[in-house]
Amino acid sequence: MAVTPNNNSEDNYVYYNGRKLRKGFTTGTTATAATVAAIRTLLNQEPQETVMVHAANGKTAIFDVEQTDFDEQQASCAIKKDGGDDQDATDGALIFATVKLRDDNEIHLDGGKGVGRVTKEGLANKPGMPAINPTPRRVIKAAAREEVGEKRGVDIVISVPEGERIAKLTYNPRLGIVGGISILGTSGVVTPMSESSWKHSISIEMNIHRKRSDNTIVLVPGNYGEDFVKDELGIPSAKIVQMSNFVGYVLHETQRLGFTKVLIVGDLGKMIKVAGGIFSTHSKDADARAEIMVANLALMGGVPTAFLRKINQCLTTISMIKMIDEAGYQEVYQMIADKIKLRAEKLLAHREPHVEIDAVIFSRESGFLAASKPLQEIKGEWQ
């Protein structure tokens, strides 16, 4: 089991219905621990019983080393993924790191058995790359650099023996990631929480805004949306609430709590669903991204059927955006932004108070796409 140095700290737990739930660590943090353990084993030529690392958010964690194999040339260590009381598909899986020193000072990171490979355009990693997401990739390499120093290099291979089986329980196959799981985690920490308690926590956060007399609020799906709002729109974080996938629930809460003005900002991959009247944007509930994009492109008129068919075959909105931009059909983004506003206002139309809603959509790859009113006007109202 992974622990923090102060394992009894309240920061290591969340509460739900009177139950105390322990936080855990992501596959990214687990892979970092395995890497550090393997490098120390190789350099010291002795096995490590425990290893301490920092998660992406800076939180410190101590892991037991489950398995070790080494000689003078390379070392391999395994750490058990500990998701705390969040029992996801990867909880309990052994994550291995195998390391070998290089003749130069480069650090190379790759995926081995049980770590998926990207086969389609549009994901954070390019086709052919292992499914080790940018944040854990950065954290693993930084931890390795700290261990080997500036003058030495190391090859690192992350593997998950049960990864191919586990991946069948995840969304990876639908994203074109084959052969295993993804090494994930933007914060490095897993917070266990049911949907109902998650929604309740969002409501609590929104109520705090109202108690300080706010009647306007910015809603984003997650960290990417929040970063865009702060960095690109210049809106302070004090005005932002993360709504996750619960768009409909949170919109109803804005009305119940008495907000009168809402700005929704999100990546097209999430928000295009709202343009089609889908207010729970998790993939388990609905995924009509391609269908909604095709319908709006068709409504523009003059878009060839062959092009619509290609869009319909795209696995991600990033792939769609690339094709749309190359073909010059960017007008569709404005249609989608306007429909997000229309759908959201219609959802709240028959209750009081009236809630004025605007929407901004962007892409992590290409930036701003469209807004329901001129972007400068939105910045002027919300900054």
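Per-residue answers, yes or no, for (1) closer than 29 Å to residue 315 by Cβ; (2) touching a Gly at 6+ places or on another chain (Cβ under 9 Å); (3) surrounded by fewer than 23 Cβ atoms within 10 Å (Cβ to Cβ):
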position	(1), (2), (3)
188	yes, yes, no
212	no, no, yes
222	yes, yes, yes
239	no, no, yes
251	yes, no, no
263	no, no, no
273	yes, no, no
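Mind counting the residues in the stretch 113-136 that are surrounded by 18 or more Cβ atoms within 10 Å (Cβ to Cβ) and in contact with an Asp or Glu (Cβ under 8 Å, 6 or more places away or on another chain)?
2
Whether any residue in the stretch 366-373 is touching a strand residue (DSSP E or B) at 6+ places or on another chain (Cβ under 6 Å) and under 28 Å from residue 172 (Cα atoms) is what I want to check.
Yes - at least one qualifying residue is present in the stretch 366-373.
Of all residues in the stretch 115-136, which are in contact with a Gly (Cβ under 9 Å, 6 or more places away or on another chain) and under 20 Å from residue 57 (Cα atoms)?
If the condition is that a residue be in contact with a Gly (Cβ under 9 Å, 6 or more places away or on another chain) and under 20 Å from residue 57 (Cα atoms), then 132, 133, 135, 136 are the ones that fit.
Return the residues of the stretch 172-186 that are open to solvent by less than 60 Å² (accessible area, probe 1.4 Å), at pLDDT below 85 and either over 21 Å from residue 224 (Cβ atoms) or in a loop (DSSP other than H, G, I, E, B) (or both); say none if nothing qualifies.
Of the stretch 172-186, the ones open to solvent by less than 60 Å² (accessible area, probe 1.4 Å) are 172, 175-177, 179-183, 185.
Among the residues that remain, those that are also at pLDDT below 85 are: 172, 175-176, 185.
Within the stretch 172-186, 176, 185 meet the criteria.
State yes or no: is residue 244 surrounded by 15 or more Cβ atoms within 10 Å (Cβ to Cβ), out of contact with any strand residue (DSSP E or B) (no Cβ under 8 Å at 6 or more places or on another chain) and outside any helix (DSSP H, G or I)? Give the derivation first.
Numbers: surrounded by 15 or more Cβ atoms within 10 Å (Cβ to Cβ): yes; out of contact with any strand residue (DSSP E or B) (no Cβ under 8 Å at 6 or more places or on another chain): yes; outside any helix (DSSP H, G or I): yes.
Yes.
Condition first: outside any helix (DSSP H, G or I), free of Cβ contacts under 8 Å to residues at least 40 places away in the same chain, out of contact with any strand residue (DSSP E or B) (no Cβ under 7 Å at 6 or more places or on another chain) and under 20 Å from residue 118 (Cβ atoms). Can you find one or more residues in the stretch 288-297 that meet it?
Scanning the stretch 288-297, I find no residue that is outside any helix (DSSP H, G or I), free of Cβ contacts under 8 Å to residues at least 40 places away in the same chain, out of contact with any strand residue (DSSP E or B) (no Cβ under 7 Å at 6 or more places or on another chain) and under 20 Å from residue 118 (Cβ atoms), so the answer is no.
If the requirement is being open to solvent by 10 Å² or more (accessible area, probe 1.4 Å), farther than 24 Å from residue 317 by Cβ and not in a helix (DSSP H, G or I), which of these qualifies: 205, 146, 150, 164?
Values: 205 fails: not in a helix (DSSP H, G or I); 146 fails: not in a helix (DSSP H, G or I); 164 fails: not in a helix (DSSP H, G or I).
Going through 205, 146, 150, 164 in turn, just one is open to solvent by 10 Å² or more (accessible area, probe 1.4 Å), farther than 24 Å from residue 317 by Cβ and not in a helix (DSSP H, G or I): 150.
Here is a list: 61, 33. Which entry is at pLDDT below 95, open to solvent by less than 40 Å² (accessible area, probe 1.4 Å) and small (Gly, Ala, Ser)? Break it down stepwise before answering.
Details: 33 fails: at pLDDT below 95.
On inspection, the qualifying residue turns out to be 61.
Table: residues versus (1) surrounded by 17 or more Cβ atoms within 10 Å (Cβ to Cβ); (2) in contact with a Ser or Thr (Cβ under 6 Å, 6 or more places away or on another chain); (3) at pLDDT below 90.
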| position | (1), (2), (3) |
| --- | --- |
| 70 | yes, yes, no |
| 81 | yes, yes, no |
| 84 | yes, no, yes |
| 92 | no, no, no |
| 95 | yes, yes, no |
| 105 | no, no, no |
| 111 | yes, no, no |
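Counting just the residues of the stretch 224-234 that are farther than 23 Å from residue 248 by Cα and touching a residue at least 12 places away in the same chain (Cβ under 8 Å), which one comes out surrounded by the fewest Cβ atoms within 10 Å (Cβ to Cβ)?
In the first step, residues of the stretch 224-234 are kept if they are farther than 23 Å from residue 248 by Cα; the result is 230-234.
Retained after the next criterion (residues that are touching a residue at least 12 places away in the same chain (Cβ under 8 Å)): 232-234.
Numbers: 232: 15, 233: 19, 234: 10.
Per the stated criteria, the residue is 234.
Within the stretch 356-374, can you find the residues that are surrounded by 20 or more Cβ atoms within 10 Å (Cβ to Cβ) and acidic (Asp, Glu)?
If the condition is that a residue be surrounded by 20 or more Cβ atoms within 10 Å (Cβ to Cβ) and acidic (Asp, Glu), then 358 is the only one that fits.
The rows are residues; the columns are (1) basic (Lys, Arg); (2) free of Cβ contacts under 8 Å to residues at least 40 places away in the same chain; (3) closer than 19 Å to residue 220 by Cβ.
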{"residue": "313", "(1), (2), (3)": "no, yes, no"}
{"residue": "319", "(1), (2), (3)": "no, no, no"}
{"residue": "334", "(1), (2), (3)": "no, yes, no"}
{"residue": "353", "(1), (2), (3)": "no, no, no"}
{"residue": "367", "(1), (2), (3)": "no, no, yes"}
{"residue": "373", "(1), (2), (3)": "yes, yes, yes"}
{"residue": "376", "(1), (2), (3)": "no, yes, no"}
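Return the residue satisfying two criteria in turn: it lies in the stretch 319-348 and is over 21 Å from residue 277 (Cα atoms) and within 25 Å of the chain's Cα centre (by Cα), and of such residues it is most open to solvent (accessible area, probe 1.4 Å). Before you say what the answer is, go through the steps one by one.
Kept after step one, since they are over 21 Å from residue 277 (Cα atoms), are these residues of the stretch 319-348: 319, 322-330.
Among the residues that remain, those that are also within 25 Å of the chain's Cα centre (by Cα) are: 319, 322-325.
Values: 319: 21, 322: 112, 323: 46, 324: 0, 325: 58 Å².
Selected residue: 322.
Check the stretch 276-287 and report whether any residue there is within 30 Å of residue 208 (Cβ to Cβ), open to solvent by 30 Å² or more (accessible area, probe 1.4 Å), of a type in the set (Asp, Glu) and more than 17 Å from the chain's Cα centre (by Cα).
The answer is yes, given that some residue of the stretch 276-287 is within 30 Å of residue 208 (Cβ to Cβ), open to solvent by 30 Å² or more (accessible area, probe 1.4 Å), of a type in the set (Asp, Glu) and more than 17 Å from the chain's Cα centre (by Cα).
Taking the stated definitions as given, is residue 153 without any contact (Cβ under 8 Å) to a residue 24 or more places away in the chain and more than 24 Å from the chain's Cα centre (by Cα)? Lay out the reasoning, then the answer.
On the way: without any contact (Cβ under 8 Å) to a residue 24 or more places away in the chain: no; more than 24 Å from the chain's Cα centre (by Cα): yes.
No.
The values are calculated or read from the model by the stated rules, or taken from the named source; none is laboratory data. This structure is a prediction, so every number in the text was calculated from the model and none was measured. Don't worry about glycine lacking a Cβ; one is built from the backbone with ideal geometry, like all the others, and counts go over all protein chains shown. Just so you know, the surface numbers come from the protein's heavy atoms only, side chains and all, with ligands and any DNA or RNA stripped out. Shrake-Rupley method; radii C 1.70, N 1.55, O 1.52, S 1.80 Å.
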